[in-house]
Amino acid sequence: MTVRERAAESVPDQAPESAPGAEDLKLFQESMAKVLAGAEGPELVSSLEEQGWFELWDEQPRAAARALFGQQGRLARTSPVLTLLMGASVAGPTGSISAESVSAGSVGAGSISGVVPVLLPGPAAFSDSAFSDGGWAVAGPDGTVRALAQSAALDVGRAAVLPVRDGDGLSLVELATGTLRRTPVEGLDPALGLCRVDATVRAGTPVLIGAEAEWAWRRSVALGRRLLAEEMCGVVAEQLRLALGHAGSRTQFGRPIGSFQAVKHKLAEVHVALTVAELAAEEAWAQPAATSSLLAALLGATAVETANLHCQQVLGGIGFTWEHPFHRYARRGRVLAAVLGSRAQLARELGGQIVDSGELPVLAEL
C-alpha cells in the first residue's frame, strides 16, 4: 500500500458527537473570548481548564474546537493548544490533554511521556511537494534540522516531537525543549507567536518509527487541519462582519455602497465561501478522516483568499490603514492557511489521492 493510499483512508480521532444547544455554545464562546483576552501561554492553559474547555474537548471535540479556535479567529488571538493537541494525538488517538497533564508532564496512554507539542516542517521544507505525503522535516548530513513551532507551546511542554524522514522512513523524534534554539518569526504576523527552531536530531529520542510513525503523524496532521479550519472560519467571519458594517455605513451618490449590486455580489461570494468552509469543517468532525480534514483545511484556505480579496475591495482605502483592524485578519488568515500546507499544496495532495483512488471525495451527503 502506497503512502497516498494510506492517506486516502480514514484516520479516526474522535467519534461523532451531538452538538450542544446554540445558546450554550454562544455562552461558552463568550467565555473563551474573555479567556483569550486575559491570559497567554501556560496561564491560558490553566484558564481553559478552569472554564471546562478540556472537559468539553474530551466529550464534544467539535463544539470545543469551534468555541476556542473560532474565537481565536474572530479576535485574532492565539493559544498554544493547536500543537499541544497535535502532540497529544501523536501519543494516542483521542488527542486528550488537560491542565493537570501540563503541570504533571503526562498525556495519558501512549509511548511519548510528557506534554509534547509537535514541531512543524520548517520554512525550508515548505516546497511544492512538502505536504504531498503529509509533511515532515529532513535532517542535514550533520543531523541538524529546522522546524516551526508555537513558542508558547514550547514554554508549556518539557519536550517536543518532530517528524523526520530519512533513508529508513519516517520517525517521530522527541527533543527536550532545552536543546532547541528558538528564533521568533516576525514576518507577516508576529502576533501569532511562531518561532523557528533549530535542533540536532541526534540529540533526540525516536519514539515511533516506520508504519506506526506514519499513521500517528497523519492522525496528528488531520486533527491540526480540522482545528485550523475552525480558526480560518472565524477569521473570515470577522472579515465579512467588518466589510458588511462598512458597506452599510459608507455612502456614495447618496446611497449606502452596500445597496449597489457589484458590492452585494462580492459580499455574497464571501458568504458562500464561508458557508462551504463551515460545512466542510462540520463534516470533518462528524467523520474524522485524513481526506475530510484535508478538504476542511482546503476550503477554509479558499474562504480566506476570497475574503482577503473581496472584503478588502469593499473596505477600500480604509482597509489598508493600520488603524482599521482588517489588516490583522488578512495577515492572520494568510499565515494560518499555510501552516499545514498551503492551498496549492493541499489541492495537489487531494488531486494525488483522487488519481490514485479513482474516486471523488464527497464533502457532505445531500
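The values are calculated or read from the model by the stated rules, or taken from the named source; none is laboratory data. Source: prediction; values computed, not measured. Quick reminder, even Gly has a Cβ in these numbers, built from the backbone with ideal geometry, and neighbours come from all protein chains shown. Surface accessibility is based on the protein's heavy atoms, side chains included, excluding ligands, DNA and RNA. Shrake-Rupley method; radii C 1.70, N 1.55, O 1.52, S 1.80 Å.
Some notes on this structure:
- Accessible solvent surface per residue of segment 325-366, calculated while the other protein chains remain in place, 1.4 angstrom probe, Å²: 52 Å²
- Here the gap between Ala347 and Val362, fully extended at 0.36 nm per residue and compared with their Cα-Cα distance, gives a gain of 3.9 nm.
- Estimated translational D of segment 181-262 in µm²/s (Stokes, Kirkwood radius over Cα pairs; 10 °C; 1.306 mPa s): 90 µm²/s
- Bins of 10 Å from zero: percent of alpha-carbon pairs in segment 212-366: 11, 37, 29, 16, 6, 1, 0
- FRET efficiency, Glu50 to Phe253 (Cβ-Cβ, R0 51 Å, nearest 0.05): 0.45
- Taking only protein heavy atoms and a 1.4 Å probe, the accessible area of segment 257-321 is 64% carbon and sulfur.
- Two-site label geometry, Lys34 and Thr200: point separation in nm, points 7 Å out along Cα→Cβ: 4.9 nm
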